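Q: I'd like to ask some things about the structure below.
Just so it is clear, none of the values below were taken in a lab; they were calculated from the coordinates. All figures in this text were calculated on a predicted structure; none of them were measured in a lab. Note: ideal-geometry Cβ built from the backbone for every residue, glycine included; neighbour counts use all protein chains shown.
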Amino acid sequence: MKKWDYLNLYLLKVGGGTNSGQFVIEEITGVIRLHSKPISLDRDKYELNVTAMDDGACCVNGDLTIHTSTAVVVVFITDVNDNKPMFKDCGTYYPKVEEGAPNGSPVIKVHATDEDKGVNGQVKYSIVQQPNQKGTKFTVDEETGEVSTNKVFDREGDDGKFVSVTVKATDQGEPSLEGVCSFTVEITDVNDNPPLFDRQKYVENVKQDASIGTNILRVSASDEDADNNGAIVYTLSAGSNPADLEYFEIQPESGWIILKKPLDRDRYRLRVRASDRGTPPSFADVDIELDVVDRNNKPPLWDRDTLSPIHIKENVTVGTVVTSVKARFRETYKLEATAQDKGYPPLARSVEVQIDVVDRANNPPVWDHVVYGPIYIRENFPVGAKVYYYIVESPRNEGKDFFEINKETGEVFTKVVFDREKQGAYALEVEARDGAPSARPNSDNEPNS
């Protein structure tokens, strides 16, 4: 080829032309450049077929004698670390781990990708330390992304039901880039807690005339476990006497004990079991003691049938005592007892029984007031003036030299003429005693006081 021949250079592609996807070539200079529009270099190297063609000016029939030559140009792509690792599936991570699982139990395998090439696209994984937390509750394999437990979890303890974890992926470029993924690990429940009753024993009074269907007592138990492991069902059994179970039933869900047969004994003993629905179930038992009390159908008796007339002055002050009334319980009860044989036909006979309640001196006197007074008297009152009236008796006190008491009526009288300028107040302590030896323990037959 002569020096005055002209060459046209082309990038070989289907249909010919000066561009080939990512690259273009200048026809005259042969300079190969990247395409001006946005492109993606998704390979490590590109092989470009370049064709050189003359214009045929060398010859008379130039158009028929055009010469061409083809060469391969290899372009190697050198990567720049401009992409950080990405956890594309982070939003789908909802792992679970069972409480009590041993340390090192697998949780989930995470995966991050980096669009860079070579070491710029190689990632390693690590756990990000949570704020205000000593150590990490999980570990991760830096090469595979396999997340494992780093402790034994207790769902009902400090760990709770959910634990947050953050995994970091770091590429090996210089400088390195990193991406993170945060997700929550659910600590699933195991049946490791038995039900717990709110009382150690239930003791309740039941009226003798309670009707069938009456709610007698409600037991209550709780279970810290979740779902079926914490769902409680109650069952009823007899205590020492299997016949006690004939009188009661229990609602399995609510724990209400219900009467199903009229009561005819003084006491019933039962046992309730609270079981959860776990596999296998856990349970706890509690004892029930039901004491039958008589129906209150005997009203108190007044000490007098008539309490009038009562006379008061029209100008008395508020709080003035008008009168005192007393009531007492019955001291005599009449019952009918019946004896019946087991013959056929059965024969029976009844008898009237009278029960007299004999009082025991087992209650000390009770004061109407804890403190009486102050009681005011005028100085220079004559000896023997009436001070106050209560049924009391004078024991030791500083006022015993200045006052005396009528042991029968409780009236208190002065013994001296008082001078206010010498002493303006006196403390007087009195004691009341009943008239019979006490029936209370350790009383040494002394009266109640």
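Q: Please report Glu429, Glu314 as a ranked list, fewest other C-beta atoms within 10 angstrom at the top and most at the bottom.
A: Glu314, Glu429
Q: Measuring from label point to label point, each 7 Å out along Cα→Cβ, what is the Lys415 to Asp82 span in nm?
A: About 11.7 nm separates the two model spin labels.
Q: What residues qualify as long-range amide H neighbours of Leu217, i.e. H under 5 Å apart, gap of 5 or more or another chain, H built at 1.01 Å from N?
A: Residues meeting the criterion, in which the H sits 1.01 Å from N, are Ile257.
Q: Still on this structure, please answer the following. Determine ³J(HN,Hα), in whole Hz, for all residues of segment 239-253 in sequence, where each value follows from phi through the Karplus function 6.51 cos²θ - 1.76 cosθ + 1.60 and θ = phi - 60°; x replaces Gly and Pro.
A: x, 7, 10, x, 5, 4, 5, 5, 9, 9, 9, 10, 7, x, 8
Q: Here's something else I'd like to know. Taking the beta-carbon count within 10 Å as an exposure proxy, list Asp141, Asp264 from fewest neighbours to most.
A: With the fewest neighbours first, Asp141, Asp264 line up as Asp264, Asp141.
Q: If you don't mind, another one. List the residues, sorted by chain then number, that are 5 or more residues from Ile108 or on another chain and whose placed amide H is less than 5 Å from its amide H.
A: Distant-sequence amide H within range of Ile108: Val147.
Q: Then there is this: Once amide H atoms are placed 1.01 Å from N in the peptide plane, what residues at a sequence separation of 5 or more from Phe138, or on another chain, have their amide H within under 5 Å of its amide H?
A: Asn150
Q: A further question on this structure: With an 8 Å cut-off on Cα pairs and a minimum separation of 6 or more residues, tell me the relative contact order of segment 110-237 in percent.
A: 20 percent
Q: At 7 Å along the Cα-to-beta-carbon direction for both Glu289 and Lys109, put a label point, then send me their distance in nm to one decimal.
A: A separation of 6.3 nm, rounded to one decimal place.
Q: Give me a comma-separated list of calculated 3J(HN,Hα) values for segment 90-100, in order, Karplus coefficients 6.51, -1.76, 1.60 applied at θ = phi - 60°, integers in Hz, x for any Gly or Pro.
A: The phi angles translate into 4, x, 9, 8, 9, x, 10, 9, 7, 4, x Hz.
Q: Right, something else. Which ³J(HN,Hα) values in Hz, rounded to whole numbers, follow from the phi angles of segment 281-287 under the Karplus curve 6.51 cos²θ - 1.76 cosθ + 1.60, where θ = phi - 60° and Gly and Pro get x?
A: x, 9, 8, 8, 10, 9, 8
Q: Of Lys88/Lys151; Lys84/Lys137; Lys45/Lys168; Lys109/Lys137; Lys124/Lys161; Lys124/Lys151, which sit over 21 Å apart, Cα to Cα?
A: Exceeds cut-off: Lys88/Lys151; Lys84/Lys137; Lys45/Lys168; Lys124/Lys161; Lys124/Lys151.
Q: Oh, and also: Under the definition of Cα pairs under 8 Å and six or more residues apart, what whole-number percent is the relative contact order of segment 196-293?
A: 37 percent
Q: Here's something else I'd like to know. Which trypsin sites (Lys or Arg not before Pro) from segment 214-316 combine a DSSP loop assignment with at most 10 other Cβ atoms within 10 Å?
A: Passing sites in segment 214-316 are Arg295, Arg304, Lys313.
Q: Can you tell me how much longer the chain between Ser222 and Asp264 gets when fully stretched, taken as 0.36 nm per residue apart minus their C-alpha distance, in nm with one decimal?
A: Contour length minus Cα-Cα distance gives 11.8 nm.
Q: Of the peptides 154-166, 180-192, 414-426, how do they stack up when ordered by the mean number of other Cβ atoms within 10 Å, highest first?
A: With the highest mean Cβ count within 10 Å placed first, the list reads 180-192, 154-166, 414-426.
Q: Here's something else I'd like to know. For labels at Val74 and Lys207 in the simple 7 Å Cα→Cβ model, what's the distance in nm?
A: Label-label distance for Val74 and Lys207, simple model: 10.5 nm.
Q: Within 10 Å of each residue's Cβ, count the other Cβ atoms and sort Asp223, Asp294 from fewest upward.
A: Placing the least packed residue first, the sequence is Asp294, Asp223.
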